[in-house]
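A quick write-up on the structure given underneath.
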Amino acid sequence: MTELDGFEQDRTGWGGSGAYTSPVDLLTLHTTEGNGIEGARSTLNQHGSQPHVLVEARAAKGRRKIQMVDLDRAAKALRNQAGGIQTNKNGTLQIELVGFAAHPENLTEDDWLWFGREVVGPMCRAKGIPLQAPLGFHPYPPPGHQLGREPWRVVGDDGDTIQGIVGHQNWRENVHGDPGDLSAPLYRSGTTSAIDLILEGADAPTPTPPTPKPEGLLMALTDDEQAELLAKIRDLHEQWIGKQVDAKDESLRQLLKTIGTRTSDLVTGKRPGR
Ligand SMILES: [Zn+2]
């Protein structure tokens, strides 16, 4: 049994829907589409659709985190049709966040950071789920698409390799669009999204930036070829400088000077100034 430290417990549906049918490598986010945590709790218990964790993240409403299902058992908040794919048991933890899919802006920057630090981080670490959001998030309602037929509804494919944090909106065999557009850059003067803040709060490793590569022609060359080319340019450069002194014609002198400067820039890696 896996219990989360510092969470309240509601054991009404503690056993969830049973054992997982595949390794736990996903965390699915939902929104309750209501404003109260107690109303959400009783609805989830009445319908037997408990998530692992039910959370009120808004400081203004009084933050709470309630564990409703043992993390070692599958939860019940996704729709799962008989005969179709496995959803709830398909290796995912699930969170119901009190709030509305259409209004991620109802949570403040600090609310999202808290949610990452106190809920998402500990849950992902408890099960070894990568702290990443590989699919991004989309608005609710989905612009230009019918609910249930959006192109980003790809989780639950046999043998899919998606790992990390996803939304109810990403699950096949489901038609809900929650938790809405957590990828919208609503915070820090339009530079940062809710999912950015969640990952920051959860202390997710920052993605490694790709190794800078030389652009254009040089990119096509091996290191040895680049070194050989630069050595030849350096050699030419020295010859040009020698010629400059001999040149009597003013226009030839100018041309040689320009070529010398550009070659020198190329050798030292400086961008040509114009
Ligand atoms: Zn949902």
Pull up the cross-link candidates among the aspartates and glutamates for residue 257, meaning alpha carbon to alpha carbon under 15 Å and not fewer than 8 places away within one chain. 238, 246, 249, 265
Quick note on 55, 119, ordering by fewest other C-beta atoms within 10 Å, gives 119, 55
What distance in nm separates the simple spin-label points at residue 103 and residue 161, each placed 7 Å from Cα in the Cβ direction? 4.1
Distance (nanometres) between label positions extended 7 Å along Cα→Cβ at residue 189 and residue 146: 4.5
Percent relative contact order of region 8-201, based on C-alpha pairs within less than 8 angstrom and at least six residues apart? 27
Amide H contacts under 5 Å for residue 192, restricted to residues at least 5 apart in sequence or on another chain and with H modeled in the peptide plane, are 186, 187
Label-point separation in nm, residue 222 to residue 173, each point 7 Å along Cα→Cβ: 5.2
Derived scalar couplings ³J(HN,Hα) [region 79-89; Karplus, 6.51 cos²θ - 1.76 cosθ + 1.60; whole Hz; x for Gly, Pro]: 6, 9, 7, 4, x, x, 7, 7, 10, 3, 7
Cross-link reach list, aspartates and glutamates versus residue 65, counting only Cα pairs under 14 Å and skipping chain neighbours closer than eight places: 3, 5, 8, 10, 38, 56, 96, 111, 118
What are the ³J(HN,Hα) couplings of region 56-73, residue after residue, when phi is run through the Karplus curve with 6.51, -1.76, 1.60 and θ = phi - 60°? Round to Hz, x for glycine and proline. 9, 9, 7, 4, 5, 9, x, 5, 8, 9, 10, 7, 10, 9, 3, 5, 8, 10
Over region 87-192, calculate the relative contact order: mean separation of alpha carbon pairs under 8 Å at least 6 apart, over the residue count, as a percent. 33
Please work out the C-alpha center-to-center distance from region 32-105 to region 155-183 and express it in whole Å. 14
Mind listing the phi-derived Karplus ³J(HN,Hα) values for region 139-153, rounded to whole Hz, using 6.51, -1.76 and 1.60 with θ = phi - 60°, and x for any glycine or proline? x, 10, x, x, x, x, 9, 7, 4, x, 10, 6, x, 8, 8
Give me the Kirkwood hydrodynamic radius of region 9-76 in Å, from all C-alpha pairs, to one decimal place? 12.6
So, over other residues within a Cβ distance under 10 Å of residue 126, counting Lys, Arg +1 and Asp, Glu -1, the net charge is -1
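Residue separation times 0.36 nm, minus the C-alpha to C-alpha distance between residue 64 and residue 47: what's the value? List each step's numbers first, then the result.
Details: separation 17, 0.36 × 17 = 6.12 nm, distance 2.14 nm.
Between residue 64 and residue 47, full extension yields an extra 4.0 nm.
No value in this document is a laboratory result; all are computed from the given coordinates. Note that the coordinates shown come from a computational prediction; the quantities given were computed from them, not determined experimentally. Glycine also receives a Cβ, built like all others from the backbone with ideal geometry; neighbour counts cover every protein chain displayed.
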